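Values quoted throughout were computed directly from the atomic coordinates according to the rules given, and no laboratory measurement underlies them. Because the structure is a prediction, the values reported are computed rather than measured. Positions of Cβ are generated from backbone atoms using ideal geometry, with glycine treated the same way; all protein chains shown enter the neighbour counts.
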């Protein structure tokens with residue numbers, strides 16, 4: 001792996017009626033200033049957020065897509081799982097979806113994820129298919145395969161008053177992690193959660209709204225999910241963490257800085273095992289809370 005070459009992305013500007021060119025803050029999410037989705041409640045306004053964040057305008061065109069272009073460090077197309085084409089242009093700061101129309105809230109989540117991974121990797125950041133919650137002032141990443149129960153665990157934690165940083169994409173810059181859209185999408189309800197939900201994605205998912213949160217939080221460590229017979233946490237050595245993080249980077253065709261991955265792999269990491277029963281959520285929450293608090297206390301004394 002070689003170090004990533006970063007090139008600043010453009011700031012989106014708009015022209016006022018008087019002809020004055022003014023920067024527009026857009027919405028702050030995934031460490032980006034996103035334009036074109038200003039009416040989406042799941043995306044927080046960018047007031048008070050650093051305006052040097054990479055900016056991107058999201059658009060839809062309901063016309064045949066352009067010919068496929070290999071994605072490199074400046075532009076290209078991505079063919080999404082549903083057959084839509086996403087064309088991203090680094091120099092113009094645009095991300096355009098081609099295909100049937102999408103509701104703005106669905107554009108914000110989950111369709112903003114491939115935009116976020118591409119633009120953030122261009123900016124030299126690392127991105128992972130991961131959720132994250134906040135405890136003891138730090139973000140704790142939750143990683144696992146598609147059926148590992150990340151969103152249901154995050155919803156259960158949210159129901160117990162734990163702040164959720166992001167549902168499915170974790171963007172990391174240096175020692176910090178960025179907040180995602182203010183929602184978690186579930187394939188099935190979490191019993192006993194007691195959180196309001198609404199159907200999204202043509203009724204295939206239930207959306208849980210999340211309260212506002214700081215746009216970036218120091219990263220505390222990693223949790224890798226697996227199913228098993230009991231609720232346990234097993235500390236992972238750095239070499240194992242490094243291999244797992246390297247394999248779970250988003251948009252892996254772009255190179256990463258080895259020093260960055262080594263630094264991330266040095267953070268505390270565990271394998272979280274729990275059974276496929278809802279009754280295990282209370283024990284999982286208690287074990288996570290005790291471990292995170294103890295780990296944060298040790299880190300504070302160093």
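Tabulated data for the structure shown
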quantity	calculated
Beta bridges by DSSP in the chain, antiparallel share as percent, to the nearest 5	70
Ranked 213, 169, criterion: other C-beta atoms within 10 Å, fewest first	213, 169
Distance from segment 122-156 to segment 263-286 (C-alpha centre basis), Å	12
Degrees separating the helix 112-122 axis from the principal Cα axis of the chain, which is the longest one	80
Helix axis angle, 281-301 relative to the chain longest principal axis, alpha carbon, degrees	80
Where only alpha carbons of the chain are counted, the Rg and the Dmax (Å)	19.3, 67
Mean-position separation - Cα centroids, segment 95-117 and segment 168-238, in angstrom	19
Rounded to 5, the percent of DSSP beta bridges in segment 15-169 classed as antiparallel	75
All-pairs alpha carbon distance profile, segment 95-196, 5 Å steps from 0, percent	2, 12, 22, 22, 20, 13, 6, 2, 0
Sequence-separation-based contact order of segment 118-217, relative, with Cα cut under 8 Å and 6+ spacing, percent	25
Relative contact order computed over the chain (Cα-Cα under 8 Å; 6+ residues apart), in percent	17
Nearest 10 degrees, 0 to 90: helix 150-159 Cα axis against the chain principal axis	70
For 126, 173, order by how many other beta-carbon atoms lie within 10 Å, fewest first	173, 126
Enclosed volume per residue, in Å³, of the convex hull spanned by Cα atoms of segment 53-149	134
Peptides ranked, highest mean first, by Cβ atoms within 10 Å: ranges 199-212, 31-44	31-44, 199-212
Ascending count of other beta-carbon atoms within 10 Å, so fewest first, for 224, 178	224, 178
Potential lengthening between residue 91 and residue 73 on full extension [0.36 nm per residue; Cα-Cα distance subtracted]	5.5 nm
Mean Cβ count within 10 Å, highest first, over the residues of peptides 99-110, 128-139	128-139, 99-110
For segment 126-302, share of DSSP beta bridges that run antiparallel, in % to the nearest 5	75
MRE, 222 nm, helices only [DSSP H, n ≥ 4, -39500 (n - 2.57), over the chain, to nearest 500]	-6500 deg cm²/dmol
